[in-house]
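The values are calculated or read from the model by the stated rules, or taken from the named source; none is laboratory data. All values reported here derive from a predicted model rather than from experimental measurement. Please note: Cβ atoms are built from the backbone with ideal geometry, for glycine as well, and neighbour counts cover all protein chains shown. For accessibility, only protein heavy atoms count, side chains too; no ligands or nucleic acids. Shrake-Rupley method; radii C 1.70, N 1.55, O 1.52, S 1.80 Å.
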Amino acid sequence: MEHIPEPLFKLLRGFAALVPPRMLDFPSNVPFTAVHNLLLDAILLNPHFEAYPPSREYQATFWKWAIRELEAVAIDEACNGTSESYSGLTIGLSTRTTRSTSAYTPTVYRSSSGPRAAGTAPPSVSYATYLWRTDAYANCAVGPGIESVTLLESRTMIECGTTGLRTWSASLVMAQYLIAHPELVREKRVLELGSGAGFLGVIIASLQQRCLGDGNPESAPALCLTDVNDTVLQRCRDNTRLQCNTSSGHPNLFCYPLDWSDALDVQTRRALHAFLTRVNPDVIMGADVVYDPSIIPALVSSLRLAMSANVDGEPTPKHAVVAYIALTVRNEDTFAQFLRAAEQYLTVEELVLDSKVPATFVCTADMPTEQEVRIMVMSQLNRNTDALS
């Protein structure tokens, strides 16, 4: 697979992440053969999407849209006298996609109650692959020059009583910043709070492994992913172990249960502090972790404990620990409440994100683009840090 022009890469990226076709721009100004070859070689016949396919329902919708748009390009080129007849190619592609979407019935979609009736809800889980361009890493699952994170995710906002089984917009923004600034996590012990389905964890693992080169893989810094929900944590663990993800080869990646409320209880605080002391993070990560005002005291207390050598969370001599917390501002009052609580005990600064930089990852239909994502950098009070340098 050769280098893919940007309009075609955006189409590939949208398909991989299950972006609804109505949110995609079909590259109608690109020659028919280039678009056709991308759809056939990079998507339909790509071994990665055969092994980790988007849901059958999404594929049916995507291919119906793509073939209609492709036929329009062929007609336009024929009318302008810039091409030969491509009817055979579009018919062949249509036949292949029909067979393909019929064949894609992954076991995760099977139900003991039999096939899904027409008109009912789509499957609640599907593989989603998030793509970004890279020229620094050769082992790319989807194609040359393209790095990826693949997750088995929920396709609904809430599943099994939790929102943690899918990826949210703050994780995408935080990942883009880390890809641009890998020095923040490589060669650093990293603790992630509220890891969810594992998107940010796989990103961090790939950045840590990239710096190893041909060195000893056992020297990779520790990466500890945590969540309070057992189902979510198991999904996170499974996703980090997918063979297509570079995280599957990370020798020091661990998934542990962590309940922030333990920081508020004198009976459990000591055990939580002992765990955090063993992890001994240099960097703490969190994305979309302030989803309800009620969890703010527990989250702030957990951050204090992770940064302190003292079980009471008071500032004590310890190596500098920096926390990067990416938050989607869904409610201004909740965001302000979190800042007030954090600023009582921690130094809080905000990263200035360049709004002119194009988004690396694309948001799906149920991620409102008008909601702002802000990244806060936190450290112990009265401690100088070069986190923003």
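A few remarks follow.
- Between residue 231 and residue 60, the distance separating the two model label sites (each 7 Å from Cα on the Cα→Cβ line) works out to 2.5 nm.
- Other-chain or far-sequence residues with amide H under 5 Å of residue 380's (modelled H): 321, 347
- Descending Cα extents along the principal axes, the stretch 196-286, whole Å: 46, 25, 18
- Point-to-point label distance, residue 183-residue 40, nm (Cα→Cβ direction, 7 Å offset): 4.7
- When each of the peptides 233-241, 329-337 is scored by how many other beta carbons lie within 10 Å of its residues on average, the order from highest to lowest is 233-241, 329-337.
- Multiplying the residue separation of residue 265 and residue 243 by 0.36 nm and subtracting their alpha-carbon distance yields 4.0 nm.
- Rolling a 1.4 angstrom probe over the stretch 10-75 with all protein chains present gives an accessible area of which 52% lies on carbon and sulfur atoms.
- Rounded if a/c under 1.5, otherwise prolate or oblate - the stretch 22-70, Cα gyration tensor axes: oblate
- Using the Cβ-Cβ distance between residue 333 and residue 280 with R0 = 41 Å, the FRET efficiency computed as 1/(1 + (r/R0)^6) comes to roughly 0.70.
- Multiplying the residue separation of residue 353 and residue 33 by 0.36 nm and subtracting their alpha-carbon distance yields 111.4 nm.
- Calculated FRET efficiency for the pair residue 210/residue 291, C-beta based, R₀ 22 Å, to 0.05: 0.10
- Efficiency of FRET between residue 340 and residue 51 - r from beta-carbon atoms, R0 41 angstrom, step 0.05: 0.30
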